[in-house]
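Peer 1: Dumping the structure here so I can ask a few things about it.
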4 protein chains.
Amino acid sequence: MKRDKEDLLKRLRRIEGQVRGIYRMIEEDKYCVDILHQIAAARAALGKVGMSLLESHTRGCVTDAIKEERGDEAIDELVDILMKFVK
Amino acid sequence: MKRDKEDLLKRLRRIEGQVRGIYRMIEEDKYCVDILHQIAAARAALGKVGMSLLESHTRGCVTDAIKEERGDEAIDELVDILMKFVK
Amino acid sequence: MKRDKEDLLKRLRRIEGQVRGIYRMIEEDKYCVDILHQIAAARAALGKVGMSLLESHTRGCVTDAIKEERGDEAIDELVDILMKFVK
Amino acid sequence: MKRDKEDLLKRLRRIEGQVRGIYRMIEEDKYCVDILHQIAAARAALGKVGMSLLESHTRGCVTDAIKEERGDEAIDELVDILMKFVK
């Protein structure tokens, strides 16, 4: 659990660096397509962090909720947030 | 449960009709942007059917697995399929 | 151009078959995760058809519009439809 | 053009702040679902910055390329990067 957290924090630091890199690329009028590749990469990295978090949420909170017979609400909430990642 | 199934089947019939409509639009050389709107709509409808199915899967199989202490595997499988919907 | 059209039509036929297959899987109560894999595949296939169409639209209509100095409107329309594919 | 650039830079600053906020939320063990909402928001914001950049790229570089009869390559590149945003 603690290792998962450290891993997530490390990935977020990297994403923050990517976003700052994109900022600089725009500031320095770099080639749009190169910037777009960086944006797609940062976006995909954020999506993966989201899925990792969702996984540990399901293993933790949702699992506990189901065992304590309050699974329905937890699953509603889970599906609700999932819809924000899928178009 | 049975009502959910009927609802899903109805939505899939509609999506099948949309896909056939897109086929015809291409065949008849309709305006690309109009076709693209139909494709985006069919794609979004498929995504929603996926999320509905995922919801009932979580309420059913995953919940059962968790209660029977075989939740880990079920959650691995869940996250794995989720990644196919998120980029 | 004609070959592109035939290729698109063939891919749509295949997607229609996939959607019908998903219908049957739900009807026969197949395992949710297997159905979800099929849905993800059909959805990705639709996205690719969309991108192919978008490509030929850009090479055709948008290119013509730009050459005839009515590019702005065509690009507005292009970006507008793109937003329906990205979340 | 200059105004567009300033607007993009402002939006990237905000996204950088969002990513830093997500970092802190994870560090302080905030509720997963709240963190996931922030991740979805940052991810959507990055997608929109991408689409804005893609729009100005199409109005600028791609339009110029088409007028100078080197449109094909520019459109290949455009579609290639687009595929990174659509699943």
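The values are calculated or read from the model by the stated rules, or taken from the named source; none is laboratory data. Just so you know, these numbers come straight off a predicted model, no measurement behind them. Note that each Cβ is placed from the backbone with ideal geometry, even for glycine, and that neighbours are counted across all protein chains shown. Heads up: the accessible areas ignore ligands, DNA and RNA and are worked out on the full protein's heavy atoms, side chains in. Shrake-Rupley method; radii C 1.70, N 1.55, O 1.52, S 1.80 Å.
Peer 1: Looking at region D:43-80 only, could you name the residues that are under 20 Å from A:E27 (Cβ atoms) and within 14 Å of the chain's Cα centre (by Cα)?
Peer 2: Hits for region D:43-80 are D:A45, D:L46, D:K48, D:V49, D:G50, D:M51, D:S52, D:L53, D:L54, D:E55, D:S56, D:H57.
Peer 1: Can you find even one residue in region B:44-61 that is farther than 26 Å from A:A44 by Cβ, open to solvent by 40 Å² or more (accessible area, probe 1.4 Å), of a type in the set (S, T, N, Q) and assigned to a helix (DSSP H, G or I)?
Peer 2: no
Peer 1: In this structure, is D:E69 open to solvent by 40 Å² or more (accessible area, probe 1.4 Å), in a loop (DSSP other than H, G, I, E, B) and more than 7 Å from every other protein chain (Cβ to nearest Cβ)?
Peer 2: So D:E69 fits the description; yes.
Peer 1: Something else about it: Collect the residues in region A:32-57 that are at pLDDT 95 or above and of a type in the set (S, T, N, Q), keeping them in residue-number order.
Peer 2: If the condition is that a residue be at pLDDT 95 or above and of a type in the set (S, T, N, Q), then A:Q38 is the only one that fits.
Peer 1: Considering every residue within region C:25-38, establish whether at least one is open to solvent by 10 Å² or more (accessible area, probe 1.4 Å), within 28 Å of D:D80 (Cβ to Cβ) and within 8 Å of chain B (Cβ to nearest Cβ).
Peer 2: Looking for residues that are open to solvent by 10 Å² or more (accessible area, probe 1.4 Å), within 28 Å of D:D80 (Cβ to Cβ) and within 8 Å of chain B (Cβ to nearest Cβ), one finds at least one in region C:25-38, hence yes.
Peer 1: Restricting the search to region D:19-43, which residues are among the aromatic types (F, W, Y) and outside any helix (DSSP H, G or I)?
Peer 2: D:Y31, the sole residue that qualifies.
Peer 1: Moving to a separate point now. Check region C:4-18 and report whether any residue there is in contact with a Lys or Arg (Cβ under 7 Å, 6 or more places away or on another chain) and either assigned to a helix (DSSP H, G or I) or within 14 Å of chain A (Cβ to nearest Cβ) (or both).
Peer 2: Scanning region C:4-18, I find at least one residue that is in contact with a Lys or Arg (Cβ under 7 Å, 6 or more places away or on another chain) and either assigned to a helix (DSSP H, G or I) or within 14 Å of chain A (Cβ to nearest Cβ) (or both), so the answer is yes.
Peer 1: On the basis of being open to solvent by 10 Å² or more (accessible area, probe 1.4 Å), away from chain D (no Cβ under 14 Å) and either of a type outside the set (S, T, Y) or over 23 Å from B:E16 (Cα atoms) (or both), does B:A74 make the cut?
Peer 2: Yes.
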